[in-house]
Amino acid sequence: MEIVVSEDKNIRIDTYLSNELDYSRSKISKMISDETILVNGKSVKNSYSLKKDDVITVGEYVEEEMNVEPENIPLDIVYEDEDVMVVNKPNGMVVHPAVGNNHGTLVNALLYYSKNLSNINGEFRPGIVHRIDAYTTGLLMVAKNNKSHEILAKELSKKETTRRYIALVWGVIKEDTATIDAPIGRDNNDRKKMAVTSINSKDAITHLKVLKRFKDATLIELQLETGRTHQIRVHMNYINHPVVNDPVYGRRKLIDDSGQCLHAFQIGFNHPTTNKYMEFKCELPECFKNILSIFEEESI
């Protein structure tokens, strides 16, 4: 099905389509995330504002029943007030539920911990402003009300949020600093993966700084200027320095099954109510330290 927007709507695509198609916002959100809904042939976010002559393509979507229940899962809460939380996500935890995986996620834990979570992103992503991969560890913002969610999401889109990572990557990076500016979209050969591509892609910029060099690996700090899916993993693979222990983009034998050596160690943002800048850090998890210790014995 194709819908051509006849005039500037100045309305979010999820709101518009839920009225046009008589679908729930949560269903529209899932279809957008799964890229069953495209605008002008490209994927968009739920918050995309429709413009005149936009062509919305709505594909077939089979919705499987999914329930999300609160679960008593321990949370490492770094900071909390009435508007926002900062959570240190452990290795192996998926951020939000999806069909076939609706237990043991950060959302399940958040629902048990608090009844005050934003609902802008639908019933399956309460409080979730942004996400990191299941086997990436580290800090995430969680919004406890819709006003805070909107402000924090706007900061992210305006690149005002500080997000820094530490990664161990294969190979020795000779430059002390570098910037990777390469657009990311779906891999044409494997739609479950992302890739650097000029086809239906979005700008992606990653800054890196070398912290330590080893015989066959480099410890680096990275700062995101954009937040594309799998951005760091794709960019590092693109420059032939894939993240150590990455099961998808790693291109080398896994050291163990503890997940990729990628940790979101720092996050900073303007508080949605006070507008005061706040910054938080967390140490490397044990799974990362264990692999790092192997390379420490062969420092340059």
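Some notes on this structure:
- Residues of the range 145-167 satisfying the condition of being open to solvent by 20 Å² or more (accessible area, probe 1.4 Å) and charged (D, E, K, R): Lys147, Glu150, Lys154, Lys158, Lys159, Glu160, Arg163, Arg164
- For Val142: the one exception among (1) open to solvent by less than 40 Å² (accessible area, probe 1.4 Å); (2) under 18 Å from Arg233 (Cα atoms); (3) in contact with a strand residue (DSSP E or B) (Cβ under 6 Å, 6 or more places away or on another chain): (2)
- Of the residues making up the range 203-221, those that are in contact (Cβ under 8 Å) with a residue 40 or more places away in the chain and either surrounded by 18 or more Cβ atoms within 10 Å (Cβ to Cβ) or outside any loop (DSSP other than H, G, I, E, B) (or both) number 9.
- Test: Leu17 is open to solvent by 20 Å² or more (accessible area, probe 1.4 Å) and either touching a strand residue (DSSP E or B) at 6+ places or on another chain (Cβ under 8 Å) or in a loop (DSSP other than H, G, I, E, B) (or both): no
- Scanning the range 145-188 for residues that are among the aromatic types (Phe, Trp, Tyr) and part of a helix (DSSP H, G or I) turns up nothing.
- Residues located in the range 225-251, provided they are hydrophobic (A, V, I, L, M, F, W, C) and at pLDDT 95 or above: Ile232, Val234, Met236, Ile239, Val243, Val244
- Residue in the range 253-262 that is modelled with pLDDT of 95 or more and among the small types (Gly, Ala, Ser) present: no
- Residue within the range 36-59 that is within 22 Å of the chain's Cα centre (by Cα) and more than 24 Å from Ile11 (Cβ to Cβ) present: no
- Some residue of the range 189-199 being in contact with a Phe, Trp or Tyr (Cβ under 6 Å, 6 or more places away or on another chain) and either in a loop (DSSP other than H, G, I, E, B) or not aromatic (Phe, Trp, Tyr) (or both): yes
The values are calculated or read from the model by the stated rules, or taken from the named source; none is laboratory data. Quick caveat: nothing in here was measured; it's all calculated off a predicted structure. All Cβ positions, glycine included, derive from the backbone under ideal geometry; neighbour counts span all protein chains shown. For accessibility, only protein heavy atoms count, side chains too; no ligands or nucleic acids. Shrake-Rupley method; radii C 1.70, N 1.55, O 1.52, S 1.80 Å.
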